[in-house]
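These notes are about the structure you will find just below.
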Amino acid sequence: MNFAGIYSPNPFWLASAPPTNTGEQVERAFEAGWGGAVWKTIGRPIQNVTSRFGAIDFANKKLMGFNNIELISDRPTETNLREMVEVKKRYPKHALIASLMVETKEEWRELIKQVEDAGCDGIELNFGCPHGMCERGMGSAVGQEPNILEMITGWAKEYARIPVIVKLTPNITDITIPAEAARSSGADAVSLINTIKSIISVDVNSFAPTPTVNGKGTNGGYCGPAVKPIAMHMVGAIARKHGKNLPISGIGGVSTWKDAVEFMLLGAGTVQVCTAVMHYGYRIIDDLTHGMKAYMNEKGFTSVGDFIGKAVPNYTDWGSLDLTYALIADIHDESCIGCNLCVVACNDGGHQCLSLNPEYKADGHTRKAPILKEEECVGCNLCKLICPAPGAISMKQIPYEKHYHGRTYRHGVMEMSHELHQ
Amino acid sequence: MPTKETLADLLSQKRPEDRLENKFSDFKKPLNHTEAEIEAHRCINCYDAPCTHACPTSIDIPKFIRRIASGDVTGAAGTILESNILGLSCAHACPTEVLCEGVCVLKTLSKTPIMIGRLQRYAVEQAYEKGTRFFHAGKPTGKHVALVGSGPASLSCAHELKRLGHDVTIFEKSSLPGGLNTQGIAPYKMKADVSLREIEHTASIGLTFEYEKELGKNLSLQELVDKYDAVFLGMGLGADNSPKIAGLDSPQIQARTHGVVDFISKLKTKTQKDMEWLQNCHTVIVVGGGNTALDACRELKALGVPRVILSYRRSMDEMPGYTHELLHARQEGVECFFNTLPVRIAMADQALKVTLGKTATAANGQVTFLPVSQAEEPETLHADIVLLATGQSTHEKILAGFPGLKFEKNRLVVNHETGQTGHLKIFAGGDLTNGGMEVVNAVAEGKKTAIGIHKAIEGELSNGAK
């Protein structure tokens with residue numbers, strides 16, 4: 001496949017992060033089946049701290065969210081460049097992208113030439129890192145200033161002969177503004193999201209944020225499955241605005257083939273993965289590619305182009321949603337296990353339309369399926385979302401009898417304003 | 001009179017280190033911290049949960065599991081003990097398979113219920129190890145209640161009364177407190193010292209015990225009624241029944257025939273040396289089909305008795321013992337002879353020769369012997385000992401004459417709301433009134449009756465048993 005002029009055997013790339021720290025790692029990743037790798041960001045040498053990572057777990061599951069205070073590559077630039085040459089020699093058909101972060105125009109010129117000479121297929125400008133590097137005026141400090149972003153991207157485009165991808169920070173108000181700045185300065189693509197500025201946890205015994213470095217902590221960059229919804233919104237927002245004119249490499253919590261398909265349906269041409277690999281290793285690529293192929297076969301898609309951006313036309317403003325569409329919950333007694341979680345959720349956090357069944361199943365202790373007051377149900381989905389029993393609660397459409405027939409909120413507002421002006 | 005300070009010392013003196021029960025290991029292994037946390041996170045936290053409905057003491061199970069999951073293990077123990085002061089022994093002894101775990105919604109969803117019993121044991125053990133004190137005696141009322149028997153019903157009742165501010169004195173016929181909790185629960189479920197440790201914690205609220213005091217011997221119900229503001233009868237059931245079997249009157253055969261409750265009590269309190277004779281047993285026949293019979297069979301197998309035979313007079317489907325217990329017993333190698341009943345026991349070469357007659361259940365539910373023509377040759381087995389698990393007697397003889405006390409179907413009649421008997425000052429609960437149920441039922445009845453007693457001695461209750 002072709003992404004903004006970069007050839008890749010599949011849409012799965014490793015994001016610029018610890019899994020792409022060395023040539024030896026990238027080679028093993030390519031051997032495992034990854035289509036591309038964005039090398040751990042190169043710039044002026046830095047020194048890292050210990051410890052560097054923090055995590056938030058959900059129930060038994062580790063790493064629902066992950067954060068780091070690690071900086072860019074702490075290896076000599078020459079070593080990284082030498083290994084890039086070797087990787088490209090062994091894997092000429094895989095996408096090798098250099099992630100860069102320096103300060104002066106001269107430094108950008110020099111580094112871009114070096115990575116081009118090393119054989120890289122593209123460059124990713126790291127304007128996203130929200131910790132450490134931003135305190136030095138780089139990373140997200142650039143991504144948050146559209147003018148600076150535009151200027152530096154302009155330099156990169158001036159010097160680079162290979163495609164330039166701008167990696168965006170989510171730590172802004174409207175992602176389409178930096179995306180527009182990148183596009184107008186000639187970037188070939190954007191990649192997003194970089195990590196979200198975060199404090200992942202506070203040690204309640206030592207009273208310091210984690211990861212803790214000799215008694216102190218700092219804000220880090222948040223990623224992992226928990227950030228996927230935020231990333232997808234941002235990817236979708238850019239796709240809505242720029243369509244196919246600005247290729248997007250989607251990043252943020254991709255762990256399964258389904259996550260990747262969702263990003264691509266929202267307009268991503270490739271996806272980049274980090275946390276899932278840091279958790280489970282390069283081996284997950286097998287499941288990603290197999291799952292996506294199976295999905296494509298099932299849907300009759302012959303190439304990823306058949307579904308990239310397919311959900312974008314269906315991503316609309318709230319104001320354009322159909323107010324005449326009416327759903328209510330539909331409880332299926334035979335699948336209900338009697339946990340009553342929907343009852344408490346609906347009563348305390350919903351619209352008080354589910355109640356405990358006064359009757360019990362044969363065991364005498366388990367209540368029969370809850371009772372729904374259909375006329376009270378607003379169709380919010382809450383009961384269905386928290387129900388642990390597959391098939392016990394679905395949503396069904398009912399006729400909408402009220403006066404907003406066939407219209408949207410926006411239609412209503414326009415009509416009202418029309419009436420007011422008369 | 002041993003008090004809370006001396007109870008521990010007293011108990012350690014009375015329990016020899018080389019007790020036979022120390023040879024048993026837990027059938028349900030305890031959970032370690034990691035296992036408990038993983039298991040607690042599996043719970044989906046039902047609302048108006050079936051497990052809580054199924055618990056006779058109505059423990060808020062989702063709440064205590066949620067507390068374990070969030071790292072508040074002491075809080076979890078508090079939730080358990082608030083509903084069930086003997087939460088530790090119930091965690092060991094409850095047939096969770098047919099109570100809380102039996103109705104766990106995850107059993108429906110994925111066939112594997114939450115290990116509620118083991119989580120409960122984990123939480124209470126952790127809290128007791130930390131020495132957390134959960135309860136304090138209520139403001140003294142000046143009232144004093146006597147409790148007869150120190151089993152789970154009495155302990156639960158006494159603890160609740162003390163929380164309400166009443167003084168309590170528990171009269172125990174043996175030299176150890178706890179009744180069947182200490183001396184009757186199968187040692188692979190719970191050892192005597194777990195029960196005693198729990199009693200130490202329970203008694204720390206200020207329970208007073210008097211040992212070797214038995215009603216009808218050196219304790220008079222009339223005197224208790226005269227001296228105390230109320231009396232709680234919680235002495236459970238009486239001695240093992242002895243069925244009519246030809247040959248049983250011979251002293252030689254009697255020496256090799258034991259009542260099962262008595263036998264289990266010995267297993268739990270005697271030393272290995274005292275019980276050395278068990279090592280030479282090759283075959284043991286256990287007569288009965290209840291849970292105590294199954295417990296005994298499994299205990300004997302665990303001690304290495306090569307051949308353990310359960311003889312039950314009805315069919316497998318009619319067994320009162322739990323299906324899961326029968327399954328474990330069979331897996332452990334217990335042989336089951338259904339529809340059989342010993343008709344004659346004789347001596348033969350230093351062993352017992354037991355003749356089992358074939359039986360059938362008649363249309364009216366009665367067990368009848370099959371006519372010889374229909375029966376196969378009567379089975380004759382050689383056994384070293386026979387255990388009789390054919391029920392226990394009641395205390396009807398010593399109680400029934402007392403004004404207001406009445407027995408129906410071997411149960412002392414009480415008002416089920418208050419535990420009050422026909423005598424205004426006498427209350428009762430546990431096996432004595434329910435005919436023999438689980439520890440958890442006794443705890444529930446004890447607590448409920450404490451409220452009944454409280455209302456009665458505070459003048460809010462006057463009606464007797466209905």
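The values are calculated or read from the model by the stated rules, or taken from the named source; none is laboratory data. Keep in mind the model is a prediction, meaning the values are calculated, not measured. Cβ atoms come from the backbone with ideal geometry, glycine included; neighbour counts cover every protein chain shown. For accessibility, only protein heavy atoms count, side chains too; no ligands or nucleic acids. Shrake-Rupley method; radii C 1.70, N 1.55, O 1.52, S 1.80 Å.
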Residue list for region A:353-374, filter: open to solvent by less than 20 Å² (accessible area, probe 1.4 Å) and not in a loop (DSSP other than H, G, I, E, B): A:354
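Kindly indicate whether any position in region A:105-114 is part of a helix (DSSP H, G or I), touching a Gly at 6+ places or on another chain (Cβ under 9 Å) and under 17 Å from residue A:73 (Cα atoms).
There is at least one residue in region A:105-114 that is part of a helix (DSSP H, G or I), touching a Gly at 6+ places or on another chain (Cβ under 9 Å) and under 17 Å from residue A:73 (Cα atoms).
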May I ask you to say which residue of A:40, A:61 is surrounded by fewer than 20 Cβ atoms within 10 Å (Cβ to Cβ) and either over 30 Å from residue A:108 (Cβ atoms) or assigned by TED's automatic domain parsing to the domain that holds residue A:202 (or both)? A:61
Could you please tell me which pairs satisfy a Cβ distance under 7 Å, a separation of 6+ or placement on different chains, a first residue in region B:107-119 that is within 12 Å of another protein chain (Cβ to nearest Cβ), and a second residue that is assigned to a loop (DSSP other than H, G, I, E, B) and open to solvent by 70 Å² or more (accessible area, probe 1.4 Å)? none
Kindly provide the set of residues from region B:37-83 that are more than 12 Å from chain A (Cβ to nearest Cβ), surrounded by 19 or more Cβ atoms within 10 Å (Cβ to Cβ) and not in a helix (DSSP H, G or I), ordered by number. B:57, B:59
I need the full set of residues from region B:84-120 which are open to solvent by less than 60 Å² (accessible area, probe 1.4 Å), β-branched (Val, Ile, Thr) and in a loop (DSSP other than H, G, I, E, B), in order please. B:85, B:114
Looking only at region B:174-223, which residues are open to solvent by less than 10 Å² (accessible area, probe 1.4 Å), assigned to a helix (DSSP H, G or I) and among the aliphatic types (A, V, I, L, M)? B:192, B:196, B:199, B:203
Residue B:168 vs (1) touching a Lys or Arg at 6+ places or on another chain (Cβ under 6 Å); (2) crowded, with 19+ Cβ neighbours inside 10 Å; (3) on the phi > 0 side of the Ramachandran plot: all pass except (3)
Would region A:6-15 turn up any residue that is open to solvent by 10 Å² or more (accessible area, probe 1.4 Å), hydrophobic (A, V, I, L, M, F, W, C) and touching an Asp or Glu at 6+ places or on another chain (Cβ under 8 Å)? no
Yes or no: residue A:31 open to solvent by less than 60 Å² (accessible area, probe 1.4 Å), acidic (Asp, Glu) and touching a helix residue (DSSP H, G or I) at 6+ places or on another chain (Cβ under 9 Å)? no
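For (1) touching a residue at least 24 places away in the same chain (Cβ under 8 Å); (2) within 8 Å of chain B (Cβ to nearest Cβ); (3) of a type in the set (A, V, I, L, M, F, W, C), each residue gets a yes or a no:
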residue	(1), (2), (3)
A:329	yes, no, yes
A:332	yes, no, no
A:335	yes, no, no
A:342	yes, no, yes
A:347	no, no, no
A:350	yes, no, no
A:361	no, no, no
A:366	yes, yes, no
A:370	yes, no, no
Can you list the helices (runs of 4 or more DSSP H) found entirely within region B:384-466 that contain at least 3 residues being at pLDDT 95 or above? B:431-434, B:439-457
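Okay, residues lined up against (1) free of Cβ contacts under 8 Å to residues at least 40 places away in the same chain; (2) crowded, with 24+ Cβ neighbours inside 10 Å:
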position	(1), (2)
A:200	no, no
A:223	no, yes
A:226	no, no
A:245	no, no
A:268	no, yes
A:280	yes, no
A:294	yes, no
Hits in region B:180-230 (condition: small (Gly, Ala, Ser) and within 25 Å of residue B:23 (Cα to Cα)): B:184, B:186, B:192, B:195
Within region A:392-422, work out how many residues are open to solvent by 50 Å² or more (accessible area, probe 1.4 Å) and either modelled with pLDDT of 85 or more or touching a Pro at 6+ places or on another chain (Cβ under 6 Å) (or both). 4
